[in-house]
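The values are calculated or read from the model by the stated rules, or taken from the named source; none is laboratory data. The structure displayed is predicted, hence computed values, not measured ones. Note: ideal-geometry Cβ built from the backbone for every residue, glycine included; neighbour counts use all protein chains shown. Each accessible area value is taken on the protein alone, full model and side chains, heavy atoms only, with ligands, DNA and RNA left out. Shrake-Rupley method; radii C 1.70, N 1.55, O 1.52, S 1.80 Å.
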Amino acid sequence: MTPRRRLAGRALVRITHASVGITDAMAVRGDYLLHPLPGFIPGYDVVGTIQCLPDHADTGLVVGQRVAGILPRMGAHATLVAVHPSLLVPVPDGLDSATAATLPLDAVTATLALDALPQGDGTVLVQGAGGAVGAWAVQLARAAGRTVYGTASARSGALAELLGATVIDYRDPTWIDRVIAESGGGVTGVIDHAGGRSIRRAVRRDGRIVRIAFGGVPGRQRSAAARGALLAGLHRFARPSEWIVSVPVSASAHRARYRQILGDLLRRGSLGELTAPRPRLFPLRDYPSALSAATAGEPGVKPVLTPVD
C-alpha cells in the first residue's frame with residue numbers, strides 16, 4: 001500500500017511546534033474525560049509544515065506551507081501527523097511558529113465562550129483571568145468593548161490586570177458579593193473553569209454561565225467533569241442559563257467556523273492586536289518537564305514542544 005493510500009484523504013504534517021497544556025497532563029494520568037483510556041498520543045495544538053496533500057483535493061493549501069490546527073482527538077506530541085486538511089489553517093508570515101503554537105486551543109476556547117454569552121457590551125466575569133484561556137478571554141472581551149471582571153490569585157493577578165480585567169481575589173470569602181456590588185447587581189455572563197455552583201449568584205437572571213472546564217482535584221477531575229457537565233446540561237434553560245463549550249467537539253462538528261475563528265486569531269496575533277503567552281520551549285525528549293511546566297501553570301508562559309530540532 002502506498003503512503004498516499006494510507007493517508008486516506010488526509011494531509012501529512014511534519015510537526016515543528018506543539019503546545020502542552022493542563023489537559024495533556026490530565027490525559028497522561030488518565031484523568032481527562034475526553035480521553036479516559038491509555039494508548040493514545042496527547043496534544044491538541046499543532047504547528048508544522050505540510051509534507052503531503054490528498055490528490056485532487058481543493059484545500060487551498062500547498063505542500064511546504066506552514067500551518068496550525070487543533071487535533072480533536074489529540075496526537076500533536078509527535079514528529080509527524082496525518083490530519084484532515086479541513087482542520088488546518090495557514091500561519092501568517094508575521095507570526096513565528098512557537099508563538100503560533102500557544103494559540104489554537106486556548107484562544108479558540110475563549111472566542112467560542114464569549115460568543116456563547118449574551119451579546120452586546122455587557123459585563124463579563126472570567127474565572128482564572130490570568131490563566132491559559134482566561135488571559136485570551138480578557139483580551140477578546142475588552143477588545144469587544146465589554147467590562148471585564150476576573151478572578152485571580154496574587155500570582156496571576158498582575159497579568160490579568162495588565163490585560164484589562166478588574167481583578168478580584170477568589171480567596172476572599174466575600175468575592176462574589178464584591179462582583180455583584182461592582183457590576184451593579186450581577187454580571188451578564190461568566191466564563192467558568194471551576195464548575196462551582198455558587199457562581200450562579202453573581203449572574204443576572206437573564207445572563208449565562210459558559211462552562212469550559214469543571215475543576216476537581218487531581219485523580220478526580222474526570223469524575224468532576226462528568227458530574228459538572230450533567231449539572232450544566234440540566235441548567236441549559238434555567239435562569240441564568242448554563243452552556244458548555246468544548247473546542248474538540250466544535251472543531252470536529254463545525255469546521256468552517258473553526259477555521260474562520262482560528263485564522264482570524266492567528267492574523268490578529270501576527271499584527272500585535274493580541275498578546276500571546278511567551279513560549280517556553282522543550283525538546284520532545286524532555287516531555288516530562290514540559291508536562292510539569294504545564295501543571296505548574298506559570299502566568300503568561302506556555303510550554304511548547306519542539307519535536308524537530
- Kindly provide the set of residues from region 1-24 that are open to solvent by less than 70 Å² (accessible area, probe 1.4 Å), modelled with pLDDT under 95 and hydrophobic (A, V, I, L, M, F, W, C), ordered by number. LEU7
- Task: Can you run down the residue pairs with Cβ atoms below 9 Å, 6 or more apart or on separate chains, where the first is in region 40-56 and polar (S, T, N, Q) and the partner is at pLDDT 95 or above and part of a loop (DSSP other than H, G, I, E, B)?
- Result: THR49/VAL63; THR49/GLY64; THR49/GLN65; GLN51/VAL63; GLN51/GLY64
- Note on the structure: Selection over region 108-141 where residues are out of contact with any strand residue (DSSP E or B) (no Cβ under 6 Å at 6 or more places or on another chain) and within 30 Å of LEU88 (Cα to Cα) yields a count of 16
- Query: Is at least one residue of region 74-88 touching a residue at least 40 places away in the same chain (Cβ under 8 Å), open to solvent by 10 Å² or more (accessible area, probe 1.4 Å), closer than 30 Å to ASP206 by Cα and not hydroxyl-bearing (Ser, Thr, Tyr)?
  - Reply: no
- Query: Which of (1) open to solvent by less than 30 Å² (accessible area, probe 1.4 Å); (2) at pLDDT 95 or above does GLN65 not meet, given it meets every other one?
  - Reply: (1)
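Restricting region 136-169 to residues that are free of Cβ contacts under 8 Å to residues at least 24 places away in the same chain and either among the aromatic types (Phe, Trp, Tyr) or farther than 20 Å from ARG201 by Cα (or both), which is least open to solvent (accessible area, probe 1.4 Å)?
SER153
Condition check ((1) part of a helix (DSSP H, G or I); (2) under 15 Å from the mean Cα position of the chain (by Cα)) across all residues:
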| residue | (1), (2) |
| --- | --- |
| LEU265 | yes, yes |
| GLY272 | no, no |
| PHE282 | no, no |
| PRO303 | no, yes |
